[in-house]
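Next up is a structure, given as structure tokens.
Derivation of every value follows stated rules applied to the coordinates shown; laboratory data play no part. Please read these numbers as outputs of a predicted model, since none were measured by experiment. Backbone-built Cβ (ideal geometry, glycine too); neighbour counts: all protein chains shown.
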Amino acid sequence: MSPEGIRIDGVVRDVRLLELEERKPSEALLELALERGRARGVDEGRQAARDEMLELFERAVQGLEAEREEALAALSRTSIELAIQIARHLLRREVRAENYDLEKLVRQTLEEASVGRGPCVVHLNPVDHARLAGVRFRTGTTVQADDGVSRGDVHVETSLGLMVRETLGTLDAIEKRLLEEHP
């Protein structure tokens, strides 16, 4: 074929001289096309494998992130529960050792009951009742021993209702609020 017979319509990207040996030029061109096709197929296969690996990696990262969030939530919940259990233990020990200002607790509870000088009955555990045997409170206030009241707790019965101050109950309320804030 003469050089005038070669027509190029696009940009030439790859030019090689082919050894024609005994093959026909069309066979050499076919082999070149196959070689290029294989190379393109390998490149596309590698890219597809990279894309698949990237997708698998992203899913794995998302799974790990979800597990991390769950672990943090569980850790937060466990920490709250542990702290409350420690506080309960310490509080029970302090109550058994009578390391609390019972008179102050009773006076604060009476004040919070908001009955002024109105009559009321203060219910205390029998041990706590004995501790306050010589203490005088405002007129109209009666202090009674009550087996249904735990040590360190104060129940004030008024015409408006019952005011309850429970030492361990306070921890229950704190625990509930903390667990609601940190689910």
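Put +1 on the Cβ of every Lys and Arg and -1 on every Asp and Glu Cβ in segment 41-149; which of A48, G63, V127 then has its Cα farthest towards the positive end of the dipole?
Ranked along the dipole, the leading option is V127.
Follow-up. Taking +1 at the Cβ of each Lys and Arg and -1 at the Cβ of each Asp and Glu, which of G148, A28, T167 sits farthest along the dipole of the chain towards its positive end, judged by Cα position relative to the Cα centre?
Towards the positive end, the residue furthest out is G148.
Tell me the Kirkwood hydrodynamic radius of the chain in angstroms, computed as one over the mean inverse distance between distinct C-alpha pairs.
Working: mean 1/r = 0.0403 Å⁻¹.
Result for the chain stands at 24.8 Å.
Given the Cα-Cα distance of E111 and A87 and 0.36 nm per residue of separation, how much length would full extension add, in nm? Display every interim value, and only then the final one.
Numbers: separation 24, 0.36 × 24 = 8.64 nm, distance 2.63 nm.
Roughly 6.0 nm would be gained on extension.
Just to be sure I follow: if Rg is taken over the C-alpha atoms of segment 78-183 and Rh is the Kirkwood radius over the same atoms, what is Rg/Rh? Walk me through the numbers on the way to the answer.
Working: Rg = 15.4 Å, Rh = 14.9 Å.
Rg divided by Rh gives 1.03.
Give the Rg/Rh ratio for segment 17-97, taking Rg as the radius of gyration of the Cα atoms and Rh as the Kirkwood radius, to two decimals. Each step should come with its number before you reach the end.
Values: Rg = 33.6 Å, Rh = 19.3 Å.
In segment 17-97, Rg relative to Rh is 1.75.
Kindly state, to the nearest 0.05, the FRET efficiency for F57 paired with L34, given R0 = 45 Å and r defined as their beta-carbon distance. Walk me through the intermediate numbers first.
Details: r = 34 Å, r/R0 = 0.76.
With R0 = 45 Å, the Cβ-Cβ based efficiency is 0.85.
Using θ = phi - 60° and the Karplus form 6.51 cos²θ - 1.76 cosθ + 1.60, what ³J(HN,Hα) does each residue of segment 164-171 get, whole Hz, x for Gly and Pro?
10, 10, 10, 4, 6, x, 4, 5
Under a plain spin-label model, where a point goes 7 Å from the Cα along Cα-to-Cβ, how far apart in nm are R177 and E27?
If labels sit at R177 and E27, their model points lie 9.2 nm apart.
HN-Hα J couplings of segment 48-58 from phi, Karplus 6.51/-1.76/1.60, θ = phi - 60°, integer Hz, Gly and Pro as x?
Residue by residue, segment 48-58 yields 4, 5, 4, 4, 5, 5, 4, 4, 4, 4, 4 Hz.
Oh, and also: Tell me which residues come under 5 Å, amide H to amide H, from D146 once H is placed; ignore anything under 5 positions away on its chain.
L124, N125
For every other residue with a beta carbon closer than 10 angstrom to the beta carbon of R131, add +1 if it is Lys or Arg and -1 if Asp or Glu, then tell me the sum.
Numbers: positive: R151; negative: E98, E103, D128.
Residues near R131 contribute -2 overall.
When only C-alpha pairs under 8 Å and at least 6 residues apart count, what is the relative contact order of segment 32-183, in percent?
Values: 131 pairs, mean separation 35.1, N = 152.
This gives 23 percent for segment 32-183.
Next up: Given points 7 Å out from each Cα along the Cα-Cβ axis, report the E94 to E69 separation in nanometres with one decimal.
For E94 paired with E69, the spin-label model returns 3.8 nm.
At most 15 other Cβ atoms within 10 Å and a DSSP loop assignment: could you name the GluC sites (Glu not before Pro) in segment 37-138 that fit? Display every interim value, and only then the final one.
On the way: sites: E44, E52, E55, E58, E65, E67, E69, E70, E81, E94, E98, E103, E111, E112; in loops: E98.
Here the sparse-neighbourhood loop sites are E98.
Can you give the charge dipole size of segment 40-151 about its Cα centre, rounded to the nearest 20 debye, using +1 on the beta carbon of Lys and Arg and -1 on the beta carbon of Asp and Glu?
Working: 17 positive and 20 negative charges, 204 e Å.
Dipole about the Cα centre, nearest 20: 980 debye.
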